[in-house]
Amino acid sequence: MAAAAAAPAPEAWPELELAERERRRELLLTGPGLEQRVRAAGGRLPPRLFTLPLLHYLEVSGCGSLREPGPGLAQGLPQLHSLVLRRNALGPGLSPELGPLPALRVLDLSGNALEALPPGQGLGPAEPPGLPQLQSLNLSGNRLRELPADLARCAPRLQTLNLTGNRLDSFPAELFRPGALPLLSELAAADNCLRELSPDIAHLASLKMLDLSNNQLSEVPAELADCPKLKEVNFRGNKLTDRRLEKMVHGCQTKSILEYLRSGGRGGGRCRGKADGPEKEEARRRRRERRRRESGEGEGEGVDSTGRLLLRVLHVSENPAPLTVHVSSMVRDVRPFIVGAVVRGMDLQAGNALRRFLTSQTKLHEDMCEKRTAATIATHDLRAVRGPLLYTARPPHDLKIVPLGRREVKAKDLVRQLQLEAEEHRKQKKRQNVSGLHRYLHLLDGKETYPCLVDADGDVISFPPITNGEKTKIKKTTSDLFLEVTSAASLQTCKEIMDALVLKMAEINKYTLENKEDGSLSDPEADAASAQPPGPSGSPGATKAGSASLVVEQVRVLDEDGHLKVVYPSKTDLGLAAPHMTVIR
C-alpha cells in the first residue's frame, strides 16, 4: 500500500520569528517573496502574525495576493497604532471587518480593490465605536461606490479622510450631521463621480481643506462659507452652472470664492434670487471680523514682540531664491512622503536653549512620530545646504553617507554596524529588546532600496529614519535651518509633525528672549549635542540677539515632471498656534 503523500510544509516567516523573539513593536512585510507566501496562506495574512500583541505598527504593502487580512487581527493586535495595507488586492469588502481596534490612529487602505465597506465587511462596529482613536483614514485608489453610513460613529475622532480616486456619487447624510465628525480638518474626494454637495457640510466645524476636484458637481452650496476654519478648497474639473464661480475656482483664492458664496453667488444655497438687506450683510461682516479676531488673523506687525511671538510666512513668490525638493519615483515603495520648510531667526546660544531644542525633538520622535515609525524629523544648517535637493532611493550598497560623528560609510554597512551595537548594548543591559536609535532599524528590513536626501553636489545629507549627514550638521552659530519630515504613513502626518516642530521652535525662541540665561553652551558641548547617536535631528544655533520673530519660508516639493506635490506651509498649515503667537501670512 502506497504511503500517503506528505502535507506541504508551511511557508517560513522569519520576520515573524524575529519580531516574536525580540518583542518588537513594529513590523513591515514587503518584497518579492511576500506574494508566494501570502498565496500559500490562502490570500490572507498568516495566523501567527496575530500572536504578536505588542505590535504598534504593521505594514503589508505591494502584495497582489493579499485579498483579506484574515480573522484574528483585532483580537490579536489590541495595541496597534498604525495599520498600513496599501497597494494590495483587498476587496471587494473586508471580511471579517477590521475593528474593533481601540488604539488605532492611522489606517491606510489605499490602492486596493475595495468596492464597499458594509457592516460585517468593513472598518468595524459603530456601537461602541470600532475605531475610537482613529485620526487618519486613507481609502484612496479603490473602487468604492459608497461610504458606510456609520463611518462617523465608527471613527468619531477622525481628522483626515482621503477618498481620492474612487467611484463615489454622493456622501452619506450621516457624515455631515451636527457633531458627527467634530475634528475632521481635511476631506479629499477628488477624482470621483460626486453629483452634489450637501449644505450640511457646514456642520464640519474643524474643516480646513476640501478637495472635490474632477467630479460631476454642478452647484456649490452657499453654506460652505459657514465652515469657520475653511482655508483651502478645490473644485477644479467640475461643470458648475454658475459661470462666474466656474472661473473663480480656476483662478481665485479660497477667500474670494467663499466671499462670493457668502454674498449671494449661485450655488444652490441661500441668497439665490433676492439679495439680503444691508442689516444681514452688516451682521455677516461683524461675524467675519469676530472670527478673525478669535483666530488671530490680520493682526498688525506692530505686535509687541515681548508679549507675542511672530511667525512670518514668506511665500515662494516673495522669495528670490526659494529652496525646492524634487521627489523621485524610486521612493514610492519605500518612504514616499516628504515635507520641507526653511526657518530663519533661531537663537539657541543662551543657556540651555540648545539642549531644550534637542529635548523637544526627542519628545516629538517619541510621541507624535511614534518612535520614528510614523515619521522622522531631520534638521540641517541652511548655510551648508546646496539646492535644489533630490529625495530618492538607492540600493544599500550604493548609498554612501558621512553620518553625524562618523566617517563615510555605505548604508548597508552602517545599518549592520548599528544592529551589532544594538545587540551588544542589549546584552550589556540584560534587556529583552533594544532601545534608542536601534528600535526602528528594522523599518529597513526587506527593503531593496533605502531613502535618502541628496544635495546639488551629489552628497547625501539625510538617510531617514537613521541619520543626518555631517555636512549639514547644526552648530552653535546656526541661525537658519532647513527642516524635513519624511513618512511612509501619509502626507498629512508629515505636515502635522512639521507644524508641531515649527511651533515648538517658536516657543523656544520666545522663552530664550524673555528669560536670558547667563552663559552659553561651550563649543564641545554644542558639538556633542549635535552628534548624538546618529539620528535625523540636529541643533540650531544663534541669531541676532533680542529678536523673537521667526521667518518660515515655503518649500515646494515637486515630482519628476516638475509638478507640485506639496508646499509647506500652505494656508491650512500652522493653524493651531498658541495664543501668544501670531502667524502673519
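Brief remarks follow.
- Any chance residue 20 is out of contact with any strand residue (DSSP E or B) (no Cβ under 8 Å at 6 or more places or on another chain) and at pLDDT below 90: yes
- Those residues of region 349-384 which are assigned to a loop (DSSP other than H, G, I, E, B) and open to solvent by 70 Å² or more (accessible area, probe 1.4 Å), in sequence order: 352, 367, 368
- Taking each residue of region 326-341 that is closer than 18 Å to residue 569 by Cβ and looking for partners that are part of a helix (DSSP H, G or I) and open to solvent by 10 Å² or more (accessible area, probe 1.4 Å) with beta-carbon atoms closer than 9 Å, six or more apart or interchain, yields 337/491; 337/492; 337/493; 338/491; 339/491; 339/495.
For every residue, the table says whether it meets (1) closer than 15 Å to residue 90 by Cα; (2) surrounded by 17 or more Cβ atoms within 10 Å (Cβ to Cβ); (3) in the same structural domain as residue 111 (by the TED database).
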position	(1), (2), (3)
24	no, yes, yes
28	no, yes, yes
36	no, no, yes
45	yes, yes, yes
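- Filtered by the rule that a residue be under 24 Å from the mean Cα position of the chain (by Cα) and surrounded by fewer than 21 Cβ atoms within 10 Å (Cβ to Cβ), region 62-80 gives 62, 78, 79.
- Residue match in region 130-153 (condition: under 23 Å from residue 173 (Cβ atoms) and among the hydroxyl-bearing types (Ser, Thr, Tyr)): yes
- Filter result for the condition that a residue is assigned to a strand (DSSP E or B) and either under 20 Å from residue 59 (Cα atoms) or modelled with pLDDT under 85 (or both), over 422, 393: 393
- Set 414, 437: member being under 28 Å from the mean Cα position of the chain (by Cα), at pLDDT below 75 and either open to solvent by less than 80 Å² (accessible area, probe 1.4 Å) or among the aliphatic types (A, V, I, L, M) (or both): 437
The values are calculated or read from the model by the stated rules, or taken from the named source; none is laboratory data. Please read these numbers as outputs of a predicted model, since none were measured by experiment. All Cβ positions, glycine included, derive from the backbone under ideal geometry; neighbour counts span all protein chains shown. Protein only, heavy atoms only, side chains kept; ligands, DNA and RNA dropped before computing areas. Shrake-Rupley method; radii C 1.70, N 1.55, O 1.52, S 1.80 Å.
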